[in-house]
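The values are calculated or read from the model by the stated rules, or taken from the named source; none is laboratory data. Here the structure is a predicted model, which is why all the values come from computation and not from measurement. Cβ atoms come from the backbone with ideal geometry, glycine included; neighbour counts cover every protein chain shown. These area figures cover heavy atoms from the full protein model, side chains too; ligands, DNA and RNA do not enter into them. Shrake-Rupley method; radii C 1.70, N 1.55, O 1.52, S 1.80 Å.
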Amino acid sequence: MAVARRSLHIRLPPLPTIKDVIRLYKLRALRELSQNFLMEPRLIDKIVRAAGNIENNVVVEVGPGPGGITRSIIRRAPRKVIVVEKDRRFIPSLELLADACKDRVEMDIITGDILKTDLTPFIPADTKADWLDPPPPINLIGNLPFSVSTILIIRWLEMISKHEGPWSFGRARMTLTFQKEVAERMAARILDKQRCRLSVMCQSWCTIKYKFDIPGSAFLPKPEVDVGVVTLTPLKTPIIKLPFKLVEKVVRQIFSMRQKYSIRGAQTLFPEDVREEMALRMYEMADIDPVTRPYQIANMEFARICEAYSEIIKRYPEFENYDYRAPKNKFVEIVEEKQEEM
Ligand code: SAM
């Protein structure tokens, strides 16, 4: 008979409510830092539950703010919590929390910018797994400002592609919030009208799941848009087995003219005098119909296009550093953009 295993729950000593913490420490949300605090315990717990069972896991929380999500994480009995918060005003309330749980859960408080923080020294070495093993007991959770979360996911995808940082410990999972529209784009499959560069980049290196929406009204102050919660688990083998920067360049250029035939965007990978010939050759090598539109191309087909591009630049290294967006091409770009608007 299968016995359902109840996960351990830690009871924290009485603490002021998050509302009181905000009032006591005068933690008015700063609009310039796009701070929006999630106030509903039910939704906070739902985000943490989306990460799966985190008991005995190392959990990295980015942007803990007054600590609502952090409390929910701690209650689920992780082994260690590492929080990275840029705004120093939150440190005393996080220290209060670290003190309240010190007998049960180790907590590292890092004051700094997640985009500049090396998390590696804070993660215990014994959590390390091989890349092909199931994910290690390491989870990254964050409700970040939208502007930071989009830059961060691109940065993290590149680190995943190189097995760096937290991903030098194996396929660590992520549970993150994004502007709803961005979350939908990340998860958008072939033929979806939301499909874009971010969809292909996320799906090439990770399994992405759109978990649920959070209405803007659940935050204080209320942001203008709703929020989407996604989980990402790095794939054992990426769909596009080529360097991140190369893939990013090819996919970006193909989506640069999203309403046109995809070969139009693909042509911008090459200098003007060889553009049409080279793009056609690349599409032939990849066995892709040139009149396909960008959102009609599957991830595996993008892989074939990237492989063809990689072959071409091996044969013609002078094309490798060609950048359509470089200043001398600005005029061309403006003309293209104008045409797009028409
Ligand atoms: N986690 C809290 C919640 O859900 O209520 C706060 C969320 S608020 C949207 C984002 C938090 O991320 C703020 O506390 C902000 O100071 C912090 N933050 C913003 N940019 C950051 C960065 N680059 N590195 C670390 N933390 C950052």
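Mind checking the full-extension length gain between Asp133 and Tyr25? Use 0.36 nm per residue of separation minus the Cα-Cα distance, one decimal, nm.
Gain on extension, Asp133 to Tyr25, equals 34.5 nm.
What do you get for the angle between helix 299-315 and the principal long axis of the chain? Use alpha-carbon atoms, 0 to 90 degrees, nearest ten.
In the chain, helix 299-315 runs at an angle near 60 degrees to the longest axis.
How large is the accessible surface per residue of segment 254-298, computed with a 1.4 Å probe and reported in Å² as a whole number?
Heavy-atom accessible area per residue stands at 47 Å².
Can you tell me the FRET efficiency between Asp108 and Glu181 if r is taken as the Cβ-Cβ distance and R0 is 30 Å, rounded to the nearest 0.05?
0.35
Taking H as built 1.01 Å from N, whose amide H comes closer than 5 Å to the amide H of Met107, not counting residues under 5 places away?
Val81
What list of ³J(HN,Hα) couplings, whole Hz, do you get for segment 282-297 from phi and the Karplus terms 6.51, -1.76, 1.60, once you set θ to phi - 60° and write x for glycine and proline?
Whole-Hz 3J(HN,Hα) from phi for segment 282-297: 4, 5, 5, 4, 8, 6, 10, 6, x, 8, 6, 8, x, 6, 8, 9.
Using the Karplus equation 6.51 cos²θ - 1.76 cosθ + 1.60 (θ = phi - 60°), what ³J(HN,Hα) coupling, rounded to whole Hz, does each residue of segment 115-130 give in order, writing x for Gly and Pro?
6, 10, 9, 8, 7, 3, x, 8, 8, x, 4, 6, 8, 4, 10, 6
Name the long-range amide H neighbours of Ile141: under 5 Å, sequence gap of 5 or more, or other chain; modelled H, no Pro or chain starts.
Close amide H contacts, sequence-distant or interchain: Val60, Glu61, Val62, Thr175.
Label Arg189 and Asn321 with points 7 Å out from Cα along Cα→Cβ: what is the distance between them in nm?
Going by the 7 Å Cα→Cβ label model, 4.2 nm.
Given Cα pairs under 8 Å that are at least 6 residues apart, what percent is the relative contact order of segment 244-341?
Across segment 244-341, relative contact order equals 27 percent.
Once the Cα gyration tensor of segment 124-221 is found, what semi-axes does its equivalent ellipsoid get, as square roots of 5 times the eigenvalues, in whole Å, sorted largest first?
Computed over segment 124-221, the values are 25, 17, 11 Å.
Over all directions, the average projected area of the alpha-carbon convex hull for the chain comes to how many nm²?
20.7 nm²
Could I have the simple spin-label model distance between Arg11 and Arg281, label points 7 Å from Cα toward Cβ, reported in nm to one decimal?
Reported label-point gap for Arg11 and Arg281 is 7.3 nm.
Given a cut-off of 17 Å, what percent of all Cα-Cα pairs of segment 244-341 lie beyond it?
Tail of the P(r) past 17 Å holds 45 percent of the pairs.
Quick one: compute the contact order of the chain, relative version, from alpha carbon pairs under 8 angstrom and 6+ residues apart, as a percent.
The value is 13 percent.
Around Lys211, which amide H atoms from residues at least 5 apart in sequence, or from another chain, sit under 5 Å from its own amide H, with H modelled in the peptide plane?
Val229, Val230, Thr231
Roughly how many whole Å is it from the C-alpha centroid of segment 86-152 to that of segment 158-177?
13 Å
What list of ³J(HN,Hα) values in whole Hz, one per residue of segment 95-101 in order, does the Karplus curve 6.51 cos²θ - 1.76 cosθ + 1.60 (θ = phi - 60°) give from phi, with Gly and Pro shown as x?
Residue by residue, segment 95-101 yields 5, 4, 5, 4, 5, 5, 10 Hz.
May I ask you to list the trypsin sites (Lys or Arg not before Pro) in segment 177-207 that are in a DSSP loop and have at most 14 other Cβ atoms within 10 Å of their Cβ?
Passing both the DSSP loop test and the Cβ count: Arg189, Lys193.
Would you list, by chain and number, the lysines whose Cα falls below 26 Å from the Cα of Lys241, excluding same-chain residues fewer than 8 positions away?
Those lysines meeting the cut-off are Lys128, Lys162, Lys193, Lys209, Lys249, Lys314.
How big is the equivalent ellipsoid of segment 202-262 along its three axes, where each semi-axis is √(5λ) from the Cα gyration tensor, reported in whole Å from largest to smallest?
Computed over segment 202-262, the values are 30, 19, 9 Å.
Using a Gaussian network model on the chain with a 10 Å cutoff between Cα atoms, which of Leu144, Leu191, Leu24 fluctuates the most?
Highest fluctuation among the options: Leu24.
With each label point set 7 Å from Cα along the Cα-Cβ vector, what nm distance links Asp273 and Lys162?
3.5 nm
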